[in-house]
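S.K.: Once you've had a glance at the structure underneath, I'll fire off some questions.
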Amino acid sequence: MSRSPDAQRMEKIVSLCKRRGFVFQSSEIYGGLNGCWDYGPLGVELKRNLKNYWWHVMVHERDDVVGMDGSILMNRAVWKASGHEDTFSDPMVDCRSCKARLRADQVIERKGVRQCPNCGGKDLTEPRPFNLMFKTYVGATEGESSVTYLRPETAQSIFVQFKNVLEVSRKKLPFGIAQIGKAFRNEINPRNFTFRSREFEQMELEYFCRAEEGMKLLDYWLEERLKFYQNIGISREKLHARTVPDEERAFYSKGTYDIEYDFPFGWQELEGVAYRTDYDLSQHQNASGKSLEYFDEETKQRFVPHVVEPSAGVDRTVLALICEAYSEDEAPDEKGEMETRLVLRFHPRMAPIKCGVFPLLKNKEPLVAKAKEIIDLLRPHLTVFYDESGAIGRRYRRQDEIGTPFGVTVDFETLGEKDATLRDTVTLRERDSMKQERVAINDLAGILTPRIS
Ligand code: GAP
């Protein structure tokens, strides 16, 4: 059976990610570990650019948000109070024929009969809950008293530190606490490359407010988050805000949106924006016996704040950035014949490398020396990459393929050999249009810096 264009596109993306060092299978030389991924030299830069930009927009650019960085292991009582120990589960079904373990929503139904999507078998167990938290033991004894879990979301450390952060930051409602960090879920069926992983990162904001502000802030944060995705280069047409219906929403949430992206494998959630009411703080207040109330100095009232939570996945957003950027077009090769050009059209803000620097020929010392001077000149301002090997067209293609938005070439004109007025100028090539302009070396940092920030 031939694969659909979307499936083929996804295969090309996965293969490019490995070939160019964005994403590798974790523990690959031992056969991998399902649901776990390693980011290579380019992947880690892309991920960092995303996290840094999120932090910049959500914390540094605002007066009403502060950050924190909580531990991954927490007292088990946190997970009891939050409800995760009892209810953080997916319904799981076993196929008795091929022994596959399936999420109940993966089971196909034909003419009212449930079937295994792997082998077509009809001998399936009834769905039963499977807790997604990874259990572990703290200390030298492995017993009930030492049990805890790898956190399945970063949010809970924000809730349990609410009082400490409030006291030290002296913020007034509404205000938020932001965190970026690892989360772990023992997903029954990790799939779609990094989309559903067992170890992943989240970027979460808990924005505390008064009850009467909750619904308005939910819409405010949805709009802010949609803007964010557009500012990192994701087109609005590929984003969708889904209103989560009552029957799918957590019982304590008064409203939730899923921000979905049009991946090659379908529309899927990038981020949830949820109005969680005062559920989390109240649960922890009741379970710990410690007050998590806010004192309003104007009205002299004490109350447990409500919270609106935009919660985004780092890995899913990185995957969306790569899917969005991936494109193939036609460009002339060295002999002027058209060939397919593979290009990652990253927003310059997200691109792992901002500028390639190339001496036209590697065996001409003055060209190489000038190119290295330019590297030193640009390095304090942006990530640069020096490449002297192969024909210049090949070098451009290699940078196109990893999404480098700019390329600087040092040629004989730079040395002033043909025309003294061109001394210390270079060609600056733009990835998407492939247009080239001649600019002075001294102007380069000033031209490039605003284009990448
Ligand atoms: N604190 C709320 C919370 O954790 P969630 O919808 O379960 O809500 C938030 O997760 C985001 O975390 C998701 O929108 C997604 O981007 C990311 N995420 C969740 N599970 C994931 C997984 N197995 N692999 C990759 N990312 C995941």
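S.K.: Let me check I've understood the local charge: for GLN106, count other residues with C-beta under 13 angstrom from its C-beta, Lys and Arg +1, Asp and Glu -1. What total comes out?
M.R.: Result for the local shell: 0.
S.K.: Here's another thing I want to ask about it. Please identify the cysteines of the chain that lack any partner cysteine with a Cβ under 4.7 Å from their own Cβ.
M.R.: Flagged as lacking a Cys partner: CYS17, CYS36, CYS209, CYS323, CYS355.
S.K.: Follow-up. Bin by bin, in steps of 20 Å, what percent of the Cα pairs in the chain do you find, going until the bin that has the longest distance?
M.R.: Values per bin, smallest distances first: 21, 47, 27, 6, 0.
S.K.: Continuing with this model, one more query. Quick check for you: with a 1.4 Å probe and neighbouring chains kept, what is the accessible area per residue of the range 61-140, in Å²?
M.R.: On a per-residue basis, the range 61-140 sits at 60 Å².
S.K.: If each DSSP helix of 4+ residues adds -39,500 (n - 2.57) and the sum is divided by the residues in the chain, what number results at 222 nm, nearest 500 deg cm²/dmol?
M.R.: -8500 deg cm²/dmol
S.K.: Considering only Cα-Cα distances, which of the following residue pairs are longer than 21 Å: LYS216/LYS238; LYS47/LYS182; LYS47/LYS135?
M.R.: LYS216/LYS238; LYS47/LYS135
S.K.: Counting only C-alpha contacts under 8 Å and six or more residues apart, can you give the relative contact order of the chain as a whole percent?
M.R.: RCO, the chain: 12 percent.
S.K.: For the chain, with only Lys/Arg (+1) and Asp/Glu (-1) charged at the beta-carbon, what is the dipole magnitude about the Cα centre, in debye rounded to 20?
M.R.: In total the dipole reaches around 820 debye.
S.K.: Sticking with this structure for a sec: With a 1.4 Å probe and every protein chain kept in, tell me what percent of the accessible surface of the range 387-428 is carbon plus sulfur.
M.R.: Whole-percent figure for carbon plus sulfur exposure: 51.
S.K.: Largest first and to the nearest Å, give the Cα extent of the range 289-431 along each principal axis.
M.R.: 79, 34, 25
S.K.: Report, ordered by chain and residue number, the aspartates and glutamates lying within cross-link reach of LYS290, taken as a straight Cα distance under 19 Å and ignoring same-chain residues fewer than 8 apart.
M.R.: Partners found: GLU167, ASP278, ASP280.
S.K.: Tell me which lysines have Cα within less than 27 Å of LYS362's Cα, excluding those fewer than 8 residues away on the same chain?
M.R.: Once the sequence-local lysines are set aside, what remains near LYS362 is LYS335, LYS354, LYS370, LYS372, LYS418, LYS435.
S.K.: Among SER157, SER2, what's the order by accessible area (1.4 angstrom probe), most exposed first?
M.R.: SER2, SER157
S.K.: With both bridge residues required to lie in the range 312-413, what share of the DSSP beta bridges run antiparallel, to the nearest 5%?
M.R.: Roughly 45 percent of the beta bridges in the range 312-413 run antiparallel, per DSSP.
S.K.: Could you pull out every one of the lysines with an alpha carbon less than 18 Å from that of LYS122, ignoring same-chain neighbours closer than 8 positions?
M.R.: LYS99, LYS111
S.K.: Indicate the gyration tensor shape class of the range 144-252 (rounded, prolate or oblate), computed on the Cα atoms with a ≥ b ≥ c the square roots of the eigenvalues: a/c under 1.5 is rounded; otherwise a/b larger than b/c is prolate and the rest oblate.
M.R.: Since a/c reaches 1.5 but b/c is at least a/b, the shape of the range 144-252 is classed as oblate.
S.K.: Still on this model: Could you check how much of the accessible area of the range 57-209 is carbon and sulfur, as a whole percent, using a 1.4 Å probe?
M.R.: 47 percent
The values are calculated or read from the model by the stated rules, or taken from the named source; none is laboratory data. Computed from a prediction, not measured in an experiment: that's the story for all the values here. Using ideal geometry, Cβ is built from the backbone for each residue, glycine included, and neighbour counts are taken over all protein chains shown. All accessible areas refer to the heavy atoms of the entire protein, side chains included, with ligands and DNA or RNA removed. Shrake-Rupley method; radii C 1.70, N 1.55, O 1.52, S 1.80 Å.
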